[in-house]
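Here the structure comes first, spelled out in structure tokens, and everything after it is commentary.
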Ligand code: 1CP
């Protein structure tokens, strides 16, 4: 009798310990299965990505934490770019900066797409006024031997630490987006040794060394899948894959040298998360300059397709169909118009996309001289448009 009572008590205690709401309901229902995080208060971004009804059109801006913010410039005077990326407290501070000023519906972890080439053993420097510089690029296939995929993921653990810390600092205010560069874009930086207007060396690789190019792209794809999985485990609530250099490829080359790897990233990531019973988060594909292949992009399984400003919203919707969310696509240069003009352009854009399956953004990153007032106007105009 006494034993039965004791067993009963033990069972009640065990039930209490394991019951999800005692830990954190949000964490068990929707988010990371791995750690308890604060309950999400504004989930319009995630709802838009999943095609659910939203209270208001969500808006965020690519490079929202960046050089147009005086407080970012101030912090950068004291810390080198990659020190900010590698120090979770600093990365979180910078990630938070735009949220303190503007009523944005998402945050994106402060980092850079070039942390993967770094983790693979290449030196990456950030030169003021120039951008990223890789002093010892991959010139010929033999140089691929210099890459160190083993242990790359553990060298990126600081990004996971920053994501986890940021989820706590956000206190559920808005979702946190994680991201990665896509294989073709990363391969470009690694071969060119930095940004390039023509991508001539990388394009020459595709023709001169097609098999090694595939090897290179596959190596990067493997690293990206590992990296994105790690970000989800750390607490990223949505992911974006940046194929920013798609603009350099013809449609035929985009379909050959970008699309298969983009497909593999999404399929393998979803597969791995499912196998580990980790909830799959929405994934955005932003292939800048690939408006020629929207239909093909829509067949890759991504939840959201990001558009640059060269694409008409109505034509894009007709091409991708009703089951994909669109993101974008105001010309970043429109941020230099006067407030009335900017307000009208933004309202017109939101009307074209509509309230369902839409996330407002620029068609590429915000540029450094953008007036702060333009962000205010943009965010308010999006929220008031519908
Ligand atoms: O000195 C500085 O502070 C450099 C400015 C800067 C910033 C603020 C760079 C250098 N990177 C970043 C942050 C960054 N990069 C984020 C932060 C999160 C955010 O607020 O959005 C993100 C998402 C990126 C991604 C990134 N880096 C991309 C893909 C997006 C895009 O713009 O197409 C690319 C191509 C890069 C490379 C890169 N890093 C930095 C610059 C100036 C560039 C582009 C260089 C070039 O033109 O090729």
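Coordinate-derived values only; no laboratory data. Everything quoted here is computed from the prediction, not taken from an experiment. Cβ atoms come from the backbone with ideal geometry, glycine included; neighbour counts cover every protein chain shown.
The table that follows gives values for the structure above.
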{"quantity": "Cα convex hull of region 116-248, projected area averaged across orientations, nm²", "calculated": "8.6 nm²"}
{"quantity": "Distance histogram in 10 Å bins (all Cα pairs of region 51-161, percent per bin)", "calculated": "12, 37, 30, 16, 5, 0"}
{"quantity": "Region 161-189-region 208-237 distance, computed between alpha-carbon centres (Å)", "calculated": "15 Å"}
{"quantity": "Three principal axis lengths of the chain [C-alpha, angstrom, descending]", "calculated": "82, 55, 46"}
{"quantity": "Average projection area in nm² (convex hull over Cα atoms of region 110-185, one quarter of hull surface)", "calculated": "6.5 nm²"}
{"quantity": "Separation of alpha-carbon centers, region 95-141 and region 350-384, rounded to whole Å", "calculated": "23 Å"}
{"quantity": "Computed [θ] at 222 nm, helices only, for the chain once each DSSP H run of length n ≥ 4 contributes -39500 (n - 2.57)", "calculated": "-15000 deg cm²/dmol"}
{"quantity": "Overall Cα dimensions of region 329-379, principal axis frame, Å, largest first", "calculated": "32, 22, 15"}
{"quantity": "Isotropically averaged projected area of region 144-199, using the convex hull of Cα atoms (one quarter of hull area), nm²", "calculated": "5.6 nm²"}
{"quantity": "Percent of C-alpha pairs per 5 Å bin, region 211-250, short to long", "calculated": "6, 18, 18, 25, 17, 10, 5, 1"}
{"quantity": "Cα convex hull volume per residue for region 67-126 (Å³)", "calculated": "88 Å³"}
{"quantity": "GNM result for the chain, Cα springs below 10 Å: residue of 130, 115, 174 fluctuating most strongly", "calculated": "130"}
{"quantity": "Packing rank of 142-152, 368-378, 258-268, where each peptide gets the mean count of other beta carbons within 10 Å, highest leading", "calculated": "258-268, 368-378, 142-152"}
{"quantity": "Most fluctuating residue given options 304, 140, 280, as computed from a GNM of the chain linking Cα atoms under 10 Å", "calculated": "140"}
{"quantity": "Likely footprinting exposure, 157, 298, fewest C-beta neighbours within 10 Å first", "calculated": "157, 298"}
{"quantity": "Global geometry of region 31-101, whether rounded, prolate or oblate, following the gyration tensor of its Cα atoms and the 1.5 cut on a/c", "calculated": "oblate"}
{"quantity": "Cα extents of region 257-370 along the three principal axes, largest first (Å)", "calculated": "51, 31, 29"}
